[in-house]
Amino acid sequence: MILAIDIGNTTTKFGVFENENLIKRHIIPTIRSKSADQIYESIGNELDYNFRGVIISSVVPELNESLQKLVENHFNSTATFVNHDFDFGFEIKYNPPESVGIDRLIVAYGAVQKYGKPCIVCDFGTATNIEVVNSKNEYIGGIITAGMNLLADALHQRTSKLPKIELRKPEKIIGDSTISAIQSGVYFGYIGLVDGLIKQMSDELGEKPKVIGTGGLVNLISESSTMIEIVDENLMLESLRMIYDAQNKN
């Protein structure tokens, strides 16, 4: 068994792989102050397996030491954190290369491995990251923008009267209440943002890419997007598993 861990800003995802098959997924909130023992308590008995390896992507460095101790003390294994030294198989055209978020490179790697190139991969989480790999096997960069949740939260937190809303697709675009008006603006506005960005990126790329969507909000967004062709909710965890296999193929 291989354990893949994706430490994101809002949630931490655990994926248990038996060979190439994802047989278990567990998600906990990302709380930066938690110790290894506290994280283990929050997992409970959900990950009661014997792991021969653990691979981690982290965008929350404050938690790296706790996760390392979690793996050593509770899973009797050694944690491998993916970093910029890994050979992703494409040339990184980013300035400077080490400044691109490791999660962005990991998900781009997985998209190329599974779906080929050129490709555009959209990761819908706390932030929305859109990555581009061209047919020359170059990671040429992408876009970072606020996620749909951040947009909704900003309207609530930065105004006096606008309430916090549930993210969902409204039945119609013209809202007939404050709640439905905000939901429509957030949801349909975000679809326009995503599809507009992908269209402009494809035009600038000058070739037709595969467009893949992933991340926690991908199913909600892909329901209305006209640009997302492939939905792969667990691409990040699968990418980590593929990286582990590539590093340990001998």
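The values are calculated or read from the model by the stated rules, or taken from the named source; none is laboratory data. Worth saying up front: this structure is predicted, and the values here are computed from it rather than measured. Neighbour counts run over all protein chains shown; Cβ positions are idealised from the backbone, glycine included.
Listing for the model above:
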{"item": "Yes/no for Y115 being touching an Asp or Glu at 6+ places or on another chain (Cβ under 9 Å), in contact (Cβ under 8 Å) with a residue 60 or more places away in the chain and of a type in the set (F, W, Y)", "result": "yes"}
{"item": "From E46, E20, residue being among the acidic types (D, E) and either farther than 29 Å from E138 by Cα or without any contact (Cβ under 8 Å) to a residue 24 or more places away in the chain (or both)", "result": "E46"}
{"item": "Selection from the stretch 215-250 of residues that are out of contact with any Lys or Arg (no Cβ under 7 Å at 6 or more places or on another chain), at pLDDT 95 or above and within 23 Å of K136 (Cβ to Cβ)", "result": "L235, S239, M242, I243"}
{"item": "Residue satisfying all of: in the stretch 143-157; out of contact with any Ser or Thr (no Cβ under 6 Å at 6 or more places or on another chain) and buried (at least 21 other Cβ atoms within 10 Å of the Cβ); nearest to K208 (Cα to Cα) among these", "result": "M148"}
{"item": "Qualifying positions in the stretch 158-172 - surrounded by 10 or more Cβ atoms within 10 Å (Cβ to Cβ) and either within 28 Å of the chain's Cα centre (by Cα) or touching a residue at least 40 places away in the same chain (Cβ under 8 Å) (or both)", "result": "P163, K164, I165, L167, R168, K169, P170"}
{"item": "Residue in the stretch 56-77 that is hydroxyl-bearing (S, T, Y), under 30 Å from L205 (Cβ atoms) and not assigned by TED's automatic domain parsing to the domain that holds N137 present", "result": "yes"}
